[in-house]
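What follows is one structure encoded as structure tokens, with my remarks underneath.
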Amino acid sequence: MIKQLKPALFMIIILLGATNLQAQNTSDYRKLIEEADLYLEAGDIGFARIDYEKAIKLNPSDEHPRLKLAELDRLALTQKKNDSLFEQRLINAERYFKASNYNLAQTEFLKSLELKPESIFVKERLATIASLNKKAERKEKDSGLNTSLSINKQVVKPNIDIASTPKKETLSFIDNQTTIEKQTTKKEQQKNTIVPSVEADAQPTQLQILLRSADEYLKANDFENAIQKLESASALRPTDKNIKHQLLATKAQLEKRRKEEKSYSDLITSAEKYITQNNIRGAIESYESALKIKPDETTVENKLTALRDKLTVEIKLDQDFKVFVDKADNLFHANNFTEAGKVYEQARNIKPEDKYVKDKLLEISRIESIANGEKLKKYKEAIDIAEALVKQEDWQGAVQAYNQASEHQPNEQYPKLRITELNEKLQTLEAQLLASYNNAITEGDKAYQTRSWDIAMDNYIQAARAKSSNNLAQNQISKILSFLEGKLVLTLTPPTTTLFLEKEMKLSFTPLEMSKRRNNYLIIRIKNSAAGTPRLYISYGLNGQKNGGILFRSILKGNNFTNYIVKFSNQDRWYRLENNWITLAVEGSPLEIEYLKICADI
């Protein structure tokens, strides 16, 4: 009964976990939508976009964030166009104003005001023009001269005061209280007649001036100056909670913008650093993130477009280069050096400074100048082995192979150059080899203390290869072999020393006594003279029946015989059944095997 309940209980746990995860995702999604909507309401398009995109990843089926992103795109485009047109009109108006051409200046300022009805600067300019025209009229009456600052004496007077700006939700400070006034215009109202006059704005108090200035700075997103004005206003009326609330809100906006600016600056710096490192993908990612914060930065957008184009071209060139190199390598290994040289030249046309292609072309030119013979054949075999070892990062083995190649062709510079390069690389890797050696010794000692002889042997072999000049690892290897050979149960000698590919070597023996089949270790003495790290497969059984699972391990490259240890103690069928044969098989390249020894650590 209990066994039947376990699967059901397990399924209930899984369902509860899935339900909790879904609930968490739903909560995160709602939070992102709420934050994004608040950002959008506050006009923070960059942060709103980031949160909507995160929400889409959590719930791709909901249309709300996608519609909001489309709305953001439209808002950004409209705002960009309006800002550009407003800026151009303002430049024209200022040019006319400074040239004392007040009539044309007035026309341009009115057009600017249509685009940004809340602009205090434009209203002040229009008030100044109205005042100058009135002064000119009074002067004309007093002097009897028929002159005026205006070409056609046409003064545009306001029909709506500052406090009743149409189509805009503005922040108004009246009687030291902050109120939100939402006003809309009727179709009959004119759009271009919002001009404050001197009479309409008679002698405001210092507090009103400060609050109006703060309001103007806030609309211009000039939070620093807005804070200064609000602090001055708060000093005049320290008990006004509305002013204090606005001051705190403005400081929060300033802090948020500073964080946004820092994030944007860091991303731009990161992108530029990636460019100097020729990391095109990293630069693209940084610029894309920066544009999410400031979508209207055309300079960054242009750089991003150029980088994407460059990346597309580089990817295509890299693909073509790889095709040429692979084709040339195949021709080279097939001893078709003439055709290989032609294809390497095609690769060099794409990347003229690529060292591998240059070295191959140099090698081909040397090979073609050498007469065919046994030395050339041995030279090429040594080069092939060396390059295979380089791909396996067996730098020391590669140096030995290049030395052999150089012995066959002493006048050839290619192996000498490669030996010099690899020796320099080995010097730089010395610290890494030392760290590898220390780690291998530490792990080997731990395994040695727990009598895990196979693990200890693996680590000591690795340590010996990392630092061959130190005898500690080799001494530990000798201790392990001496101990296990003192526990020797059976020695098996192969009928031939070479274990060929795709051929199985079978070693028969009399079944061991059960008392000697506990905690067995197999010592195999092997030499791998070829390139690569072939794998050795070990099986066992009784007569015609295979009983054991396959044990295998990678055999490292080396010119000398090496003792490897394989643990048999965790093989139940080896212990329980009276096995009377072991088979060996190799994958990758042939091996030389001297003997097998079965030991019992009992």
Report the relative contact order of the range 486-600, percent, no decimals, based on alpha-carbon pairs under 8 angstrom and at least 6 residues apart.
49 percent
In the range 49-100, with Lys and Arg counted as +1 and Asp and Glu as -1 at Cβ, which of these residues, 82, 55, 100, has the Cα nearest the positive end of the dipole, that is, farthest along it?
100
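Relative contact order, percent, of the range 317-422 when contacts are C-alpha pairs under 8 Å separated by at least 6 residues?
18 percent
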If we sort 374-381, 50-57 on the protection proxy, mean other Cβ atoms within 10 Å, highest first, what's the order?
50-57, 374-381
Given 274, 242, 253, which one lies farthest toward the positive end of the charge dipole of the range 201-322, if we put +1 on the Cβ of every Lys and Arg and -1 on the Cβ of every Asp and Glu?
242
Percent of Cα-Cα distances greater than 25 Å, calculated over the range 486-600:
18 percent
Please report, in whole Å, how far the alpha carbons of the range 317-422 spread along each principal axis, starting with the longest.
37, 31, 20
Could you derive backbone 3J(HN,Hα) for the range 313-327 from the dihedral phi with the Karplus parameters 6.51, -1.76 and 1.60 (θ = phi - 60°), listing whole Hz in sequence and x where the residue is Gly or Pro?
5, 5, 4, 5, 5, 4, 5, 4, 4, 4, 4, 5, 5, 4, 5
At a 10 Å Cβ-Cβ cut-off, how would you order 478, 232, fewest neighbours first?
478, 232
For the range 410-476, averaging the sequence separation of alpha carbon pairs under 8 Å that lie six or more residues apart and dividing by its residue count, the contact order in percent is 27 percent
Using the Karplus equation 6.51 cos²θ - 1.76 cosθ + 1.60 (θ = phi - 60°), what ³J(HN,Hα) coupling, rounded to whole Hz, does each residue of the range 282-292 give in order, writing x for Gly and Pro?
x, 5, 4, 4, 5, 5, 4, 5, 5, 5, 5
Euclidean distance between Cα centres, the range 492-561 to the range 409-433, Å
36 Å
Give me the dipole magnitude in Debye, nearest 20, for the range 486-600 about the Cα centre, with unit charges on the beta carbon: positive for Lys and Arg, negative for Asp and Glu.
320 debye
Pseudo-spin-label distance residue 491 to residue 420, built 7 Å along Cα→Cβ, given in nm, is 5.1 nm
Which whole-Hz ³J(HN,Hα) couplings does the range 231-244 yield from phi under the Karplus relation 6.51 cos²θ - 1.76 cosθ + 1.60, θ = phi - 60°, glycine and proline marked x?
5, 5, 5, 5, 5, 6, 9, x, 8, 7, 5, 5, 5, 4
Tell me which residues come under 5 Å, amide H to amide H, from residue 562 once H is placed; ignore anything under 5 positions away on its chain.
526, 527
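Which ordering of 500, 47 is given by a fewest-first count of other beta-carbon atoms within 10 Å?
Details: 500 13, 47 20.
Result, fewest neighbours first: 500, 47.
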Viscosity 1.567 mPa s, 4 °C: Kirkwood-radius Stokes-Einstein D of the range 211-360 over Cα pairs, µm²/s:
64 µm²/s
Using packing as a proxy for protection, rank 396-408, 25-37 so that the peptide with the highest average count of other Cβ atoms within 10 Å comes first.
396-408, 25-37
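No lab work stands behind these numbers, since they all come straight from the coordinates. Just so we're clear, the structure is a prediction, and the values are computed from it rather than from any experiment. Neighbour counts are summed over all protein chains in view; Cβ atoms, including those assigned to glycine, are modelled from backbone coordinates with ideal geometry.
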